[in-house]
1. Counting other C-beta atoms within 10 Å, which of PHE257, PHE146 has the fewest, and how do the rest follow?
2. Which residue fluctuates most in the GNM of the chain (Cα springs below 10 Å): ARG201, ARG268, ARG225?
3. In whole Hz and in residue order, list the ³J(HN,Hα) couplings for the stretch 76-88 that follow from phi through the Karplus curve 6.51 cos²θ - 1.76 cosθ + 1.60, θ = phi - 60°; x for Gly and Pro.
4. Taking only Cα atoms and a 10 Å spring cutoff, compute GNM fluctuations for the chain and point out the largest among PHE117, PHE167, PHE127.
5. Of the peptides 26-33, 90-97, how do they stack up when ordered by the mean number of other Cβ atoms within 10 Å, highest first?
6. Which ³J(HN,Hα) values in Hz, rounded to whole numbers, follow from the phi angles of the stretch 3-16 under the Karplus curve 6.51 cos²θ - 1.76 cosθ + 1.60, where θ = phi - 60° and Gly and Pro get x?
7. Hey, what's the Cα Rg ratio for the stretch 123-207 versus the globular rule of thumb, 2.2 N^0.38 Å?
8. Mind checking which of GLY69, GLY137, GLY119 has the largest fluctuation in a GNM of the chain, springs on alpha carbons under 10 Å?
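Here, each number is a calculation from the coordinates, and none is a lab measurement. Quick caveat: nothing in here was measured; it's all calculated off a predicted structure. Because the Cβ atoms are built from the backbone with ideal geometry, glycine has one as well, and the counts that use them run over all protein chains shown.
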Amino acid sequence: MALRGLEGRVAAVTGAASGIGRALAVELSRRGAHLALCDIDEEGLSETETRCALAGVKVTTRRVDTSRGDEVQAWADAVVAEHGRVNLAVNNAGVALVSSVRTMTIDDLRWVMDVDFWGVVYGTKAFLPYLEAAGEGHIVNISSVFGLVSVPTQSAYNAAKFAVRGFTDALRMELEIARSPVSCTTVHPGGVRTNIARRARVDPGAEEVGGRLDDFPARFDRVARTSPEAAARRILSAALANRRRVLVGADAHGIDFVSRLPAGLYQRVLVAGARAGSRFNR
């Protein structure tokens, strides 16, 4: 079922220290929702808390490593203890890795999967019983346009984001079958102006398939046309409308179209573009 509004509801948001997570927290506070926020960046989280508290809503924060299931569960328990209930859980925390499969370390792959996929699983599992107990709830899981198409140097991120998509789609159907008072939405953002590219781990070995990578953050900035604030509004509108999936940004709609083409067609185009770019950048 769809949430019947946000005013007076309690929302839990991971990765709330910056980017989409912060924008969601601020927009939720503006709409009268009480907030439970977490991140590993305590300084950024404190700044988000200050901004949201100006709206006169209750805001609690906690340092949580979402790759650790025990920490996520302890936080969910604390949220309900502090707020009395929870109505919206947004699993937003994420990291990025630029690497080829050939040179990628297993530790780097595990890092991406632990945060971008398992963090979503832990958040969903921890909050779902509390959402159902509240009698009205929604889960928002952040995937990516890289959960729609695969891209060279993004195998780990692709794996995690495709997994989020599959996990959340299956969850949505299970909740409908059970006639649960909780529903869920998968979000596929395109280029959103956040710090994820600057904080990404970049493997120099990936230059064999991706060309120069020293300007990766700058290149990301050039194509990231959607503001975090616009993304937050789009995400919340989709949750309130009980949408199964939401595309964020004009580029996301274009990539969604590409994902419907024969795999051999779009992949050959990406291969040709990567080869040309690699030659040009050397």
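1. Fewest to most other Cβ atoms nearby, the residues stand as PHE257, PHE146.
2. ARG268
3. Using θ = phi - 60°, the values come out as 4, 4, 5, 4, 5, 5, 7, 10, x, 6, 9, 10, 9 Hz.
4. Judging by the Gaussian network model, the answer is PHE167.
5. My ranking of the peptides, most packed first, is 90-97, 26-33.
6. Each residue of the stretch 3-16 in turn: 4, 8, x, 10, 4, x, 7, 10, 10, 10, 10, 8, x, 8 Hz.
7. Here the Cα radius of gyration is 1.33 times the empirical estimate.
8. GLY69
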